[in-house]
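What follows is a single structure, written as structure tokens, with notes after it.
The values are calculated or read from the model by the stated rules, or taken from the named source; none is laboratory data. Just so you know, these numbers come straight off a predicted model, no measurement behind them. Note that each Cβ is placed from the backbone with ideal geometry, even for glycine, and that neighbours are counted across all protein chains shown.
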Amino acid sequence: MKLNIDLIKSLLAIIEESPDYPEPTRHSLNTIALGITPFANDCITDAEARLIFYHFELLIDGGLIDGEIHVDVRERCISYEVYIDRLTWEGHAFLANAQNATVWERFKSVSRHVGSFSLDVAKLSLAGIAQQQVMQSAASVLQ
């Protein structure tokens, strides 16, 4: 599967808005998916569930969230559940940079030219673009 940076941003935003913090939050993937994109019949396909599940694994592996994923297989049904403890410092930093519309648009523009990249490169790129924007704003304010 390919990294979908827009999905990463959306998942982090959903976690940040969770009213249950600081208690660990249990999410079914159907609930999360409905928060991202409207799906027909309030349901997601197996392929969509696997995509979201994979991106939660990336969020955990990439150090953006603390949590764990549970997969339950019963008969011919697979149930995915995500237990999220919290956004990490890196997760908050990534989301803060990504939620700045100017930074996000510049990042997406650069991404279209570069092609595929790792989550680590995305974190560094967003931080670099955000830092550049702050420096430019500071220079214009101080003049």
Item to check | Residues located in the range 1-27, provided they are modelled with pLDDT of 90 or more and part of a loop (DSSP other than H, G, I, E, B) | outcome: 4
Checklist entry - For the range 28-125, list the helices (runs of 4 or more DSSP H) that sit wholly inside it and hold at least 1 residues that are among the basic types (Lys, Arg) and either surrounded by 15 or more Cβ atoms within 10 Å (Cβ to Cβ) or at pLDDT 90 or above (or both); which are they? => result 46-61, 101-114
Checklist entry - Within the range 72-110, which residues are hydroxyl-bearing (Ser, Thr, Tyr), out of contact with any Phe, Trp or Tyr (no Cβ under 7 Å at 6 or more places or on another chain) and touching a residue at least 40 places away in the same chain (Cβ under 8 Å)? => result 79, 83
